[in-house]
1. Given labels modelled 7 Å from the Cα in the Cβ direction, how far is it in nm from Glu128 to Met94?
2. How big is the charge dipole of the chain about its Cα centre, in debye rounded to the nearest 20, if each Lys and Arg gets +1 on its Cβ and each Asp and Glu gets -1 on its Cβ?
3. How large is Rg/Rh for the range 23-78, to two decimals, with Cα atoms and a Kirkwood Rh?
4. Pull up the cross-link candidates among the aspartates and glutamates for Lys237, meaning alpha carbon to alpha carbon under 16 Å and not fewer than 8 places away within one chain.
5. With 10 angstrom as the radius, rank Leu250, Leu154, Leu48 by how many other C-beta atoms surround their C-beta, starting from the fewest.
6. Where does the charge balance sit around Val159 when Lys and Arg score +1, Asp and Glu -1, over other residues with C-beta under 15 Å from its C-beta?
7. Identify, among Ile209, Gln261, Gln76, the residue whose Cα sits farthest towards the positive end of the charge dipole of the chain, taking +1 on the Cβ of Lys and Arg and -1 on the Cβ of Asp and Glu, with the dipole about the Cα centre.
8. Where the only charges are on Cβ atoms (+1 Lys, Arg; -1 Asp, Glu), what is the dipole of the range 114-257 about its Cα centre, to the nearest 20 debye?
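Each value in this text was obtained by applying a stated rule to the coordinates, not by laboratory testing. In this text, all values refer to a predicted model and were calculated from it rather than measured experimentally. Positions of Cβ are generated from backbone atoms using ideal geometry, with glycine treated the same way; all protein chains shown enter the neighbour counts.
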Amino acid sequence: MSVSKANGRISIEYLRTLRQAGQPIVSLTAYDAGFARLLEQAGVDLILVGDSLGMVVQGHESTIPVNMDHMIYHAQMVVRGTQQAFVMADMPFMSYCDPKQALHNAARLMQEGGVQAVKLEGDASQAEVVAALAAHGVPVCAHLGLRPQSIHKLGAYRVQGRDAGAAERMLSDALQLQDAGADLLLLECVPAPLAGQIRSRVSIPVIGIGAGADCDGQILVLHDVLGMSERLPRFAKDFLQSSGTVQGALASYVEAVRQRQFPDAQHLFSQ
């Protein structure tokens with residue numbers, strides 16, 4: 001399959017093509033040029049400059065302390081370390097409270113950081129923000145399920161959407177965010193059956209993390225894949241343990257996602 005590029009990079013259109021062709025989208029986080037280069041060489045399609053950097057790079061207990069300047073700094077490094085991968089960055093906590101603020105900060109991430117898309121956490125209440133971004137040419141990835149920026153509201157990192165009411169609301173949120181103009185959807189810590197149901201109802205690519213195999217792609221935090229995390233989440237896998245090298249671990253992850261060997265039964269949540 002030929003790569004549809006925008007300014008030499010994988011495009012949103014290409015990611016849609018992968019969905020239509022039933023070819024899994026391979027995604028990972030990265031926070032600097034060196035690792036970003038290795039991810040691209042391994043064949044990763046989409047690199048997320050995640051606000052997870054607050055925990056795995058800065059040493060904080062949550063993503064809350066991460067600000068726009070942090071995100072732009074790390075985005076610049078990742079973009080400089082790549083030539084073809086689609087690069088997306090998180091909108092940090094409280095940086096998209098209304099359309100005006102969201103437009104200002106998304107413009108900074110794209111103009112200063114160089115990314116091609118932004119990701120924001122939130123349910124259908126964020127539809128107005130998504131619509132404003134989409135109307136001004138900003139590709140948006142909506143993030144449903146476990147939303148780490150809401151950890152102090154949630155009280156714990158736990159699976160979302162297990163009861164019927166919550167599952168129905170999440171499906172409705174997904175449809176409304178898609179209708180508002182979201183180009184991608186990320187589902188985190190969602191029961192596999194619900195993730196599959198959402199994926200079957202929307203037309204945009206769905207990327208899962210702890211959301212089972214019935215998604216259009218998978219993403220993990222780089223430090224989890226390399227066994228560098230203090231505590232490995234249930235939905236993640238240490239690929240370095242069996243491969244022995246960083247390059248081998250990345251190649252194994254890419255192959256496992258492409259062949260739909262990851263996630264398997266031990267890396268998903270039931271309803």
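1. A separation of 2.0 nm, rounded to one decimal place.
2. Values: 21 positive and 26 negative charges, 66 e Å.
It comes to approximately 320 debye.
3. 1.01
4. Glu188, Asp224, Glu255, Asp264
5. Working: Leu250 26, Leu154 13, Leu48 29.
Ordered by Cβ neighbours within 10 Å, fewest first: Leu154, Leu250, Leu48.
6. Taking every other residue near Val159 into account, the sum is +3.
7. About the Cα centre, the residue reaching furthest to the positive side is Gln261.
8. For the range 114-257, the charge dipole is close to 280 debye.
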